[in-house]
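So the structure is just underneath, and the comments pick up after that.
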Amino acid sequence: MSDKSGHITMLHGAGGTVMHDLVKNYIVRYLGGIAKVEVPLEAMDDAAVVNDIVFKSDSHAVKPIFFPGGDIGRLSISGTVNDISMLGAQPIALASGFILEEGLAIADLERILSSMRQTCLEAEVGIVTGDTKVVEKGMLGGCVMNVSGMGKRTLALERNLEVVKKYRKEFAARWTLDSNLRVGDKIILSGTIGDHGLAVLSAQEGLKFGSEIRSDVKPLNKLIQRLLGEVGGIVTMKDPTRGGLADCLHEYTEKSKTGILIQENKVPIRSDVRAACEMLGLDPLEVGNEGKVVIGAVAEKAEELLTLLQGTVEGKNAQIIGEVTSEFSGVGMQTVVGGKRVIARPVGDPVPRIC
Ligand code: MG
């Protein structure tokens, strides 16, 4: 562990190597290996698979609970809906656990609930059970919450897998897992990176960046079902949340045992996000997102997937950013000035408590 004192630090929740070590060396070591299921805890994927149902739990402790472009309610619904969607499933039901802090304004609770309702309607999935607790005034910043959910296989996922098998005979995976990438697959990013992390940071620190940077937080399940059903050829998907695109690509290379080379000039970044990152000394590749998907697809379908994406609101800035290679392991980037550089796995997201 990075903290020699033997205590939890903020980095343990920041999505990079420190958090992954905590999850692997403690949580999975104690709790893994008990349930014999298709995709278990120890796979450390976006969600688990139990009796053909995708199952996910996600807690949210974003600070502050309201930020440009979103709030803890929209974030918690989108986070769970998106993680279920990343395996190729369609969410069918959600559960919510609220931990409210003494002193939270009822008007703020209503704002959060209204935002959750709106997001549920967008994603066409509802909360069916839950729990509410209250704790004394302290460090919660109003509330923290958990949303869990279940998802099921769809016709679109089956069609997608058939398309993959057309180009890759040996493909046997039943879900779009992190371990499915093979040499030659293309990596597609659905839009600009860094927006969410910087929107939350601006709210945390009261920073103004000239133009208002808004979070990209949104449910992606409908877009993903369209990509699977109308084009197909997707072998894996992952949402680049804490630790950003860099951490997401490292998860892929580690679990698929491959290398990934991305092209710097293809990674979409808003100019105001880029400028703010430069000013603050942040790497936009390491900043978290809440409305983006990184897709691994067979090369033969990448252009078609890109065309569909670019015709949607959520995917209008999508790009094919790179491909899977056997030339090296880990993540590399072809830079705009001509060289190649190694993208190191982030220690943790540079912005604390973004989700
Ligand atoms: Mg995820």
Self-check item: Qualifying positions in the range 138-148 - touching a residue at least 60 places away in the same chain (Cβ under 8 Å) and out of contact with any Asp or Glu (no Cβ under 8 Å at 6 or more places or on another chain)
Solution: VAL144, MET145
Exercise. Inspect all residues belonging to the range 96-106 and state whether any of them is crowded, with 16+ Cβ neighbours inside 10 Å, in contact (Cβ under 8 Å) with a residue 24 or more places away in the chain, outside the structural domain of LEU245 (by TED's automatic domain parsing) and not in a strand (DSSP E or B).
Key: yes
Quiz item: Has the range 189-206 got any residue that is touching a strand residue (DSSP E or B) at 6+ places or on another chain (Cβ under 6 Å), over 23 Å from MET116 (Cα atoms) and touching a residue at least 12 places away in the same chain (Cβ under 8 Å)?
Solution: yes
Quiz item: Of the residues CYS277, CYS248, which is in contact with a strand residue (DSSP E or B) (Cβ under 7 Å, 6 or more places away or on another chain), assigned by TED's automatic domain parsing to the domain that holds LEU223 and either crowded, with 23+ Cβ neighbours inside 10 Å or in contact (Cβ under 8 Å) with a residue 60 or more places away in the chain (or both)?
Solution: CYS248
Quiz item: Do we have SER78 as assigned to a helix (DSSP H, G or I), of a type in the set (Gly, Ala, Ser) and touching a Pro at 6+ places or on another chain (Cβ under 7 Å) here?
Solution: yes
Practice problem: For the range 268-285, enumerate the residues that are touching a Pro at 6+ places or on another chain (Cβ under 8 Å) and part of a loop (DSSP other than H, G, I, E, B). | Solution: ILE269, LEU282, ASP283
Practice problem: Please tell me if ARG74 is among the basic types (Lys, Arg) and either within 30 Å of SER114 (Cβ to Cβ) or within 16 Å of the chain's Cα centre (by Cα) (or both). | Solution: yes
Practice problem: Filter the range 48-63 down to residues that are part of a loop (DSSP other than H, G, I, E, B), within 15 Å of ILE77 (Cβ to Cβ) and not β-branched (Val, Ile, Thr), then give me how many there are. | Solution: 0
Practice problem: Those residues that are away from the ligand (no atom under 16 Å from the Cβ) and out of contact with any Pro (no Cβ under 8 Å at 6 or more places or on another chain), I need them from the range 213-236; list them, please. | Solution: LYS222, GLN225, ARG226, LEU227, LEU228, GLY229, GLU230, VAL231, GLY232, GLY233, VAL235
Practice problem: Can you confirm whether the range 5-27 contains a residue that is out of contact with any Leu (no Cβ under 9 Å at 6 or more places or on another chain), of a type in the set (Lys, Arg), surrounded by fewer than 19 Cβ atoms within 10 Å (Cβ to Cβ) and not assigned by TED's automatic domain parsing to the domain that holds GLN118? | Solution: no
Quiz item: Does the range 237-268 hold any residues that are closer than 17 Å to GLY315 by Cα and either within 13 Å of the ligand (Cβ to nearest atom) or aromatic (Phe, Trp, Tyr) (or both), and which are they?
Solution: MET237, LYS238, ASP239, PRO240, THR241, LEU245
Quiz item: Of the residues VAL37, VAL50, VAL134, which is surrounded by fewer than 16 Cβ atoms within 10 Å (Cβ to Cβ) and closer than 26 Å to MET10 by Cα?
Solution: VAL134
Exercise. Search the range 308-341 for residues being under 22 Å from the mean Cα position of the chain (by Cα) and without any contact (Cβ under 8 Å) to a residue 40 or more places away in the chain, and hand back the single one that is surrounded by the most Cβ atoms within 10 Å (Cβ to Cβ).
Key: GLN310
Quiz prompt | Residues of the range 62-106 that turn out to be more than 18 Å from GLY149 (Cα to Cα) and within 16 Å of the ligand (Cβ to nearest atom), as a count | solution = 1
Quiz item: Looking at (1) surrounded by 15 or more Cβ atoms within 10 Å (Cβ to Cβ); (2) more than 24 Å from GLU158 (Cα to Cα), which is the one condition that is false for ILE92?
Solution: (2)
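The values are calculated or read from the model by the stated rules, or taken from the named source; none is laboratory data. None of these values were measured; they are calculated from a predicted model. Note that we place each Cβ from the backbone using ideal geometry, even for glycine, and neighbour counts take in every protein chain shown.
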